[in-house]
Amino acid sequence: MSDNSSFDSDGPGTTFHAPLSHSIPKLKLFGPAKHCAGCGKKFSLIRLKYNCKNCGNVVCNRCSENRFDLTRFGHFNPARVCDICCQALNISSMSRNELCKLTTKTLRDFIMAFDLPRKNIIEKSDIIDIIISNRPMPERNEIYFRANIPIAKPENGSNDDGVANGNNSNHQGNRSTYNTSSNDINENQQFRNSSSSRTHASQTSNHTTTSSQPELNNNIPVGTPSIEDIVKNKYNVSKLSIKSLKEILMENRVDFSGIVEKSELISKVNRVVEATKEELATDVDALSDDALCKICCDAVQNCVILDCGHMSTCMDCGKKMQEARNECPICRETIVKLVRVYRA
């Protein structure tokens, strides 16, 4: 049986392994499909319809040139898969060293695509540990991945050979950010070098714009210093490791999700440092009672309690309150999260 003729059934084909380790993806019908789920281009005599055997979507021949071993779904021979599924399958089978060559964003998008646990992620190695510890991929996560693959919006103005007459970039924005270039592995072999170059350029720029400021202390102690120690000793934040930067932001309840560049982390930590300087320099006696922490009365209110949204304490008292009673002192609702705010 030819490859094209076997795509109309919901099964894995004529030959397969048993027992199956995962439920077989249901293949979507050809009839209702007018545009490729991968690129959004209209199907034609040249742009043929095929099913991706990993997710079941109807895609064109150009978006499904890849073949992959899907024995867990019962396929004896390498099966046709779309570009998005191909990269997911490749990452799922990579060694730790190969995963290290990928960008942090690619790895993070992968665990989000499969709804893998994302709590307490500080470094790139934490994401890699999560990927490796979830091998083979649990069926629940496989099903989540299939159900949430983005479908490209139909592209208007395509001619018969599949080349768009208009702007060809529209459908690219509709694709998942997880679907990176097929050359991702080769391009990211220089991940550390390129990141280092960008960080160095950012530090050089920062040095130029802040040359009039006092000289910073580059003698960073072992471990992660507190924000108060950074202010007191004038430590150079750019000399801290990525792990230390993230730990400082976590300690001060500052969200850094989605950040992949060290320069962005440095910027956020510097903002916390400047806010802390202003708070330490504030004359508490001159403040109104409404601006003071209701617990210690010695610091500025800078802690918002979620989910209720009340703000009545400083961050230090908020942390102690969360550890002791874990409830808002105003409405007694359970504290879900503490968020630090900065006054204008």
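Here are the numbers:
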{"quantity": "L45 farther than 26 Å from F110 by Cβ and either at pLDDT 90 or above or not in a loop (DSSP other than H, G, I, E, B) (or both)", "calculated": "no"}
{"quantity": "Enumeration of residues in the range 260-296 that are free of Cβ contacts under 8 Å to residues at least 60 places away in the same chain, in contact with a helix residue (DSSP H, G or I) (Cβ under 7 Å, 6 or more places away or on another chain) and part of a helix (DSSP H, G or I)", "calculated": "L265, K268, V269, N270, V273, T276, K277, L280"}
{"quantity": "The one condition in (1) in a loop (DSSP other than H, G, I, E, B); (2) surrounded by fewer than 19 Cβ atoms within 10 Å (Cβ to Cβ); (3) of a type in the set (A, V, I, L, M, F, W, C) that L102 fails to fulfil", "calculated": "(2)"}
{"quantity": "Whichever residue in the range 297-336 is among the polar types (S, T, N, Q) and assigned to a strand (DSSP E or B) and, among such residues, is modelled with the lowest pLDDT", "calculated": "S312"}
{"quantity": "Complete set of residues in the range 222-253 that are of a type in the set (D, E) and closer than 22 Å to D126 by Cβ", "calculated": "E247, E251"}
{"quantity": "Candidates D285, D298, D290, filtered to the one that is in contact with a strand residue (DSSP E or B) (Cβ under 9 Å, 6 or more places away or on another chain), over 18 Å from I248 (Cα atoms) and exposed (fewer than 14 other Cβ atoms within 10 Å of the Cβ)", "calculated": "D298"}
{"quantity": "Qualifying residue in the range 87-109 (condition: closer than 15 Å to N57 by Cβ and under 15 Å from the mean Cα position of the chain (by Cα))", "calculated": "yes"}
{"quantity": "Verdict on L249 being under 20 Å from G223 (Cα atoms) and either free of Cβ contacts under 8 Å to residues at least 24 places away in the same chain or not assigned by TED's automatic domain parsing to the domain that holds G223 (or both)", "calculated": "yes"}
{"quantity": "Selection status of P225, touching a Phe, Trp or Tyr at 6+ places or on another chain (Cβ under 9 Å), at pLDDT 75 or above and not assigned by TED's automatic domain parsing to the domain that holds D83", "calculated": "yes"}
{"quantity": "Selected residue (only one of K262, K268, K337 is in contact with a strand residue (DSSP E or B) (Cβ under 8 Å, 6 or more places away or on another chain) and closer than 30 Å to S241 by Cβ)", "calculated": "K337"}
{"quantity": "Residues satisfying the stated conditions in the range 25-62, i.e. free of Cβ contacts under 8 Å to residues at least 40 places away in the same chain and crowded, with 23+ Cβ neighbours inside 10 Å", "calculated": "C52, V58, V59"}
{"quantity": "Of residues in the range 225-241 being in contact (Cβ under 8 Å) with a residue 24 or more places away in the chain and surrounded by 18 or more Cβ atoms within 10 Å (Cβ to Cβ), the one nearest to G318 (Cα to Cα)", "calculated": "I227"}
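The values are calculated or read from the model by the stated rules, or taken from the named source; none is laboratory data. Since the model is a prediction, treat every value here as computed from it, not as a measurement. In this analysis, Cβ positions are derived from the backbone assuming ideal geometry, glycine residues included, and neighbour counts consider all displayed protein chains.
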